[in-house]
Amino acid sequence: MQKREIGHLLVSQIGMECMGFSHGYGQVPSEKYAIEAIRNAYQEGCTFFDTAETYGKEMFEAGHNERLVGKAVEPFRKDITLATKLYLNIQEVENNGLEKVIREHLKKSMKNLKTDYIDLYYLHRINRDIPIEDVALVMGKLIQEKQIRGWGLSQVTKETIQKAHELTPVTAVQNLYSLLERDCEDDVFPYCLDNQIGVVAFSPIASGLLSGKVTSETKFEGDDVRKFVPQLTQENIVKNQPIIDILHQFAKEKEATPAQISLA
């Protein structure tokens, strides 16, 4: 698999988001299946694995996904780029102080992941009650201490990236991006390109819609997050069908799948 740089980190051009092994996309597979899938991805050349402290099997049972990923990648930990995400609660920060809270969360994530450093440590979502500048300064300390190799932001605007980057250079931004979600092209991509910040697209096949496997007949059950995605309402799937038809057409011509065409 080809490699790309996000900031100073070298990764496979396709990474593996591991959330679905714990929650969010219908029935959760067995641990055996999940571990085999992660290890098979590595054998196929994937060296970039992504998780988060909040991904859990039972409605945000914090740490479940990290522990699963840690177990799966343990044999080749030093050969991959491992990313996880931090969620900040304002009450916790007010009670204990921002730096202490971040350090405690990082320590727990490293324990879950069976590692003594994190390659890419994201702030999972922006909390407007916690200045991004303060988070950036703490991340800078963790980089200096070599506890993390780089840090990132998730689902953010160009203005937020700029505020953070001016204090501690941002390694990567993980935003929603696909053929159907292209807002990042307006100003996030240009700013990141100008400042050597990597962009990691999440949900690049629109939660399965661009694979052609999600149809107006598909039922999302349990804690499946797709129940809340506007594009995946029955009405909107029908209206977006012409896009899927075009993907199927090109896939047939190229002897590929609609998902492969969409990613390319």
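Below is a table of values for the structure above.
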read-out	value
Rounded accessible area per residue of the chain, 1.4 Å, Å²	54 Å²
Theoretical FRET efficiency, 1/(1+(r/R0)^6), r = Cβ-Cβ of Lys78 and Gln241, R0 35 Å, to 0.05	0.15
Of Lys85/Lys111; Lys100/Lys146; Lys32/Lys227; Lys32/Lys108; Lys78/Lys114; Lys85/Lys227, those spanning more than 19 Å from alpha-carbon to alpha-carbon	Lys32/Lys227; Lys32/Lys108; Lys85/Lys227
Taking the chain and dividing mean pair separation by its residue count, relative contact order in percent (alpha carbons under 8 Å, at least six apart)	15 percent
Theoretical gain in end-to-end length, Arg4 to Phe228 [0.36 nm per residue, Cα-Cα removed]	77.4 nm
Estimated inter-spin distance, Glu253 and Asp187, nm [label 7 Å along Cα→Cβ]	3.6 nm
Full-extension gain in nm, Gln162 to Glu221, via 0.36 nm per residue minus C-alpha separation	17.4 nm
Mean Cβ neighbour count within 10 Å, used as a protection proxy, ranking 188-198, 218-228 highest first	188-198, 218-228
FRET E, pair Asp129, Gln260, Förster distance 41 Å, beta-carbon r, rounded to 0.05	0.45
Relative contact order %, the stretch 27-121, counting alpha carbon pairs below 8 Å whose residues are six or more apart	29 percent
Computed over the stretch 116-160: relative contact order in percent, which uses C-alpha pairs under 8 Å that are six or more apart	60 percent
Of all accessible heavy-atom area on the chain, the percent that carbon and sulfur account for (1.4 Å)	50 percent
Cα pair distances in the chain, grouped into 10 Å bins until the bin that holds the longest one, percent each	7, 28, 36, 24, 6, 0
Estimated [θ] at 222 nm from DSSP helical runs (n ≥ 4, -39500 (n - 2.57)) normalised by residues in the chain, nearest 500	-11000 deg cm²/dmol
Check: the stretch 128-183 dipole with +1 on Lys, Arg Cβ and -1 on Asp, Glu Cβ, in debye	200 debye
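The values are calculated or read from the model by the stated rules, or taken from the named source; none is laboratory data. The structure displayed is predicted, hence computed values, not measured ones. Neighbour counts run over all protein chains shown; Cβ positions are idealised from the backbone, glycine included. Note: accessible area is taken over every heavy atom of the protein model, side chains too, but ligands, DNA and RNA are not part of it. Shrake-Rupley method; radii C 1.70, N 1.55, O 1.52, S 1.80 Å.
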